[in-house]
Amino acid sequence: MLSHLLHLEGIDSVVLESRSRDRVEQRQRAGILEQGTVDVLRASGVGDRMDRQGLVHEGIELRFDRECHRIDFPSLTGGRAVMVYAQTEVVKDLIARRLADGGHVLFEAEATAVEGISADGTSADKMDGGRPTITFRHGDAEHTLRCDVVVACDGFHGMGRRCVPAGTLHTWTRTYPFAWLGILADVPPSCDELIYARHERGFALHSMRSPTVSRLYLQVTPDADLADWSDERIWDELEARFAVHSDWNLERGPITEKGITPMRSFVAEPMRHGRLFLAGDAAHIVPPTGAKGLNLAVADVTLLARALTRWFADGDHAAVDAYSQTALRRVWRAEHFSYLMTTMLHPDPEAGDFECRLQLANLRYTVASTAAATVVAENYVGAASA
Ligand code: PHB
């Protein structure tokens with residue numbers, strides 16, 4: 001996305017992707033696009049397929065105590081909604097567009113070192129002087145790339161953030177006493193909108209990828225082993241957690257993929273060191289409840305593309321200097337919302353009955369009060385001011 005936005009401003013970039021094209025085009029991530037994300041994709045000319053194939057969702061269901069409650073987005077957010085369009089499809093569209101535009105996207109290119117990020121890193125300079133270099137392996141050869149700036153968009157486990165000198169970054173980490181077991185199934189979704197269900201047996205989420213492919217999740221323990229989860233056990237457990245008093249049926253179908261996702265909150269500050277910028281998961285992780293990860297990454301790089309454009313065009317470094325602080329306001333808002341959704345909907349196996357009752361009281365309030373429902377709706381669609 002960043003490479004595409006920079007290209008539109010006439011700025012060259014090289015994307016080093018350590019995985020294969022196939023792998024990044026298949027890897028499952030939440031794909032709920034906020035209006036702001038949809039707007040950026042459309043405005044930059046990569047929204048056509050999304051507009052044809054994406055599903056506009058105007059609400060979600062909160063399910064607890066065997067009852068269904070709908071949170072209506074447009075009425076609570078001044079007309080906003082979200083777009084259900086898989087993250088894999090966004091990635092495919094962006095790769096296709098960069099390659100069609102002659103962009104340099106190198107797959108299976110592994111960066112091994114980044115040097116010189118702070119050699120001349122004060123923003124008062126005009127981009128002359130020392131430039132950082134990236135050393136990377138591609139094919140059988142080692143290469144060196146001399147850059148004006150390096151942007152670490154390489155995820156939580158990437159090497160980018162680790163290039164910042166020790167002691168420079170402040171980090172916050174929270175782990176949760178559960179994980180998500182996610183499946184992809186060749187079966188039409190059993191619902192029109194996403195269902196976030198809280199059940200004594202654990203949280204469950206019914207999401208979708210298309211009118212014929214469903215995506216579902218179950219709360220499991222962090223040490224859960226996929227080998228213990230047969231397809232039948234997964235469907236039985238999902239059925240139990242989604243059960244309601246009214247007649248509602250969970251359709252079953254062939255499971256085509258299974259995986260376990262850890263739940264983590266993480267923030268690193270500041271999101272810049274000299275000529276190295278951090279964006280997306282390299283700088284922050286949210287638990288998936290609320291589907292903020294992709295949206296935060298797109299917001300980061302949209303901000304950064306604008307800031308770098310001004311810096312490169314006329315040496316104006318105000319926006320580059322403000323990047324970290326500006327990005328982090330939205331990041332912390334999303335951190336709070338993801339934490340809220342996670343703690344509201346997952347029974348904590350280590351907590352007692354008191355916490356359980358509080359959780360249910362909070363859920364009941366969330367669906368009964370317009371003010372409380374607005375908190376969920378505004379944050380979900382990305383309209384909450386930070
Ligand atoms: C997904 O479709 O994978 C998904 C949707 C919503 C979430 C998390 C994941 O909150």
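The values are calculated or read from the model by the stated rules, or taken from the named source; none is laboratory data. Note that the structure is a prediction, hence the values are computed from the model and not measured. Backbone-built Cβ (ideal geometry, glycine too); neighbour counts: all protein chains shown. The accessibility values were calculated without ligands, DNA or RNA, using every heavy atom of the protein model including side chains. Shrake-Rupley method; radii C 1.70, N 1.55, O 1.52, S 1.80 Å.
Some observations on this one:
- Residue tally, condition in contact with a Cys (Cβ under 9 Å, 6 or more places away or on another chain) and assigned to a strand (DSSP E or B), over segment 138-164: 2
- Within segment 285-323, tally of residues that are over 18 Å from the mean Cα position of the chain (by Cα), open to solvent by less than 20 Å² (accessible area, probe 1.4 Å) and at pLDDT 95 or above: 6
- Filtering ILE60, ILE71, ILE95 for residues that are touching a helix residue (DSSP H, G or I) at 6+ places or on another chain (Cβ under 9 Å), at pLDDT 95 or above and either acidic (Asp, Glu) or not in a strand (DSSP E or B) (or both) leaves a single hit, ILE95.
- Entry remark, segment 259-275: residues being at pLDDT 95 or above and open to solvent by 70 Å² or more (accessible area, probe 1.4 Å) number 0 in total.
- ALA227 of a type in the set (A, V, I, L, M, F, W, C), open to solvent by 20 Å² or more (accessible area, probe 1.4 Å) and outside any loop (DSSP other than H, G, I, E, B): yes
- Among (1) more than 22 Å from the chain's Cα centre (by Cα); (2) closer than 30 Å to HIS157 by Cα; (3) open to solvent by less than 20 Å² (accessible area, probe 1.4 Å), the one test that ALA111 misses: (3)
- Residues located in segment 77-90, provided they are within 14 Å of the ligand (Cβ to nearest atom) and touching a residue at least 60 places away in the same chain (Cβ under 8 Å): VAL82, VAL84, ALA86, GLN87, THR88, VAL90
Okay, residues lined up against (1) within 14 Å of the ligand (Cβ to nearest atom); (2) over 22 Å from the mean Cα position of the chain (by Cα):
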{"residue": "THR171", "(1), (2)": "no, no"}
{"residue": "ASP186", "(1), (2)": "no, yes"}
{"residue": "CYS191", "(1), (2)": "yes, yes"}
{"residue": "MET208", "(1), (2)": "yes, no"}
{"residue": "ASP223", "(1), (2)": "no, yes"}
{"residue": "ARG233", "(1), (2)": "no, yes"}
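- Flag for ALA243 being aliphatic (A, V, I, L, M) and surrounded by fewer than 17 Cβ atoms within 10 Å (Cβ to Cβ): yes
- A count restricted to segment 26-44 and to residues that are surrounded by fewer than 16 Cβ atoms within 10 Å (Cβ to Cβ) and either more than 16 Å from the ligand (Cβ to nearest atom) or among the aromatic types (Phe, Trp, Tyr) (or both) stands at 3.
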